[in-house]
Every structure is written in C-alpha cells, then in structure tokens.
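*Asks:* I have a structure here, written as structure tokens, and I will follow up with some questions on it.
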Amino acid sequence: MRGAVVVSAPLSGITVTRGEDKLTEYRFNTGTARHFFCSVCGIYTFHQRRSNPNEYGVNVACFKNVSPFDFPEVTVMDGVNHPSDGESGVFGYLSFRKKETNQD
C-alpha cells in the first residue's frame, strides 16, 4: 500500500507542468504498469495502469488545489492482489469527516 488517494485519467488527460525531468520510472512485478516517482523526494505521482493501459492512476496530492481530504471516502487497495489477476484487491475503506467547530 502506498497511501496515496488515486483517481483515474485517460492517457491524454494529464499534463506534467513542472518537474518532468525529475520523474523516474519503475515497473513492479509483471513489468506491465509504468509507475512514476519523483527522483528528488520519492513521492508517487502517477502510473499507467496494468488493468487498463489506456488510463493513468494519478495521486491527487500532485494536483494543484486538490487534497486527499476532499474525498469523503476512498477505497483502500491491499497492494498485493490485482483486479487483473481475478482478485478485487480491496482491503477496506477510509472515510474522512471534517472536525465540527463551535460557532459562538
């Protein structure tokens, strides 16, 4: 598990506006999916999906003005079982509820 909130985008749907020269590619296990990380800080940025090679999975923390806390619930994948291998890979769900503040 990498701990990132990831959304899907078509391959033509994202543009790297800064730091493309700092991205490094890594291919896990089957070598099919292309994962990109920042070579300076190590953050996972996006990957070309193994389950759908026409899509990227994109870390929302890399988008300007988007926060992982903008999502009330996210699916947590186990990082071991992959949907393409016949397993769902779903480990559970995380939910975020903003702290209520007293308005006096």
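*Asks:* Please give the peptides 54-62, 91-99 ranked by average Cβ packing (other Cβ atoms within 10 Å per residue), highest first, as a rough proxy for protection.
*Replies:* Numbers: 54-62: 17.3, 91-99: 9.4.
Result, highest mean first: 54-62, 91-99.
*Asks:* Give me, ordered by chain and number, the residues 5 or more places off residue 5 or on other chains with an amide H under 5 Å from its own placed amide H.
*Replies:* Amide H to amide H, under 5 Å and 5 or more residues apart or across chains, residue 5 pairs with 60, 61.
*Asks:* Determine the per residue accessible area of the chain with all protein chains present and a 1.4 angstrom probe, expressed in square angstrom.
*Replies:* 76
*Asks:* Please state the Cα pair-distance histogram of region 1-49 with 10 angstrom bins from zero: what percent is in each bin?
*Replies:* Spelled out bin by bin, region 1-49 gives 23, 58, 19 percent.
*Asks:* Enumerate the amide H contacts of residue 77 below 5 Å, restricted to partners 5 or more residues apart or on another chain; note that Pro and chain-start residues carry no placed amide H.
*Replies:* Hits under the 5 Å cutoff: 91.
*Asks:* Quick one: 3J(HN,Hα) in Hz for region 29-42, Karplus 6.51/-1.76/1.60 with θ = phi - 60°, rounded, Gly and Pro as x.
*Replies:* 5, 6, x, 7, 6, 9, 9, 10, 10, 6, 6, 8, 9, x
*Asks:* Counting alpha carbon pairs within less than 8 Å and at least 6 residues apart, what relative contact order, in whole percent, applies to the chain?
*Replies:* Reported relative contact order: 23 percent.
*Asks:* Scan around residue 43 for amide H atoms under 5 Å from its own, H built in the peptide plane at 1.01 Å from N, and keep only partners 5 or more places away or cross-chain.
*Replies:* Placed amide hydrogens put 38 under 5 Å from residue 43.
*Asks:* Report the Cα-based extents of the chain along its three principal axes, largest first, to the nearest Å.
*Replies:* 56, 36, 24
*Asks:* Please list, by residue number, every one of the trypsin sites (Lys or Arg not before Pro) in region 3-63 that is coil in DSSP and has at most 11 other beta-carbon atoms within 10 Å.
*Replies:* Details: sites: 18, 22, 27, 34, 49, 50; in loops: 18, 27, 49, 50.
Passing both the DSSP loop test and the Cβ count: 18.
The values are calculated or read from the model by the stated rules, or taken from the named source; none is laboratory data. All values derive from a computational prediction rather than experimental measurement. Cβ atoms come from the backbone with ideal geometry, glycine included; neighbour counts cover every protein chain shown. These accessible areas exclude ligands, DNA and RNA; they are computed on the full protein's heavy atoms, side chains included. Shrake-Rupley method; radii C 1.70, N 1.55, O 1.52, S 1.80 Å.
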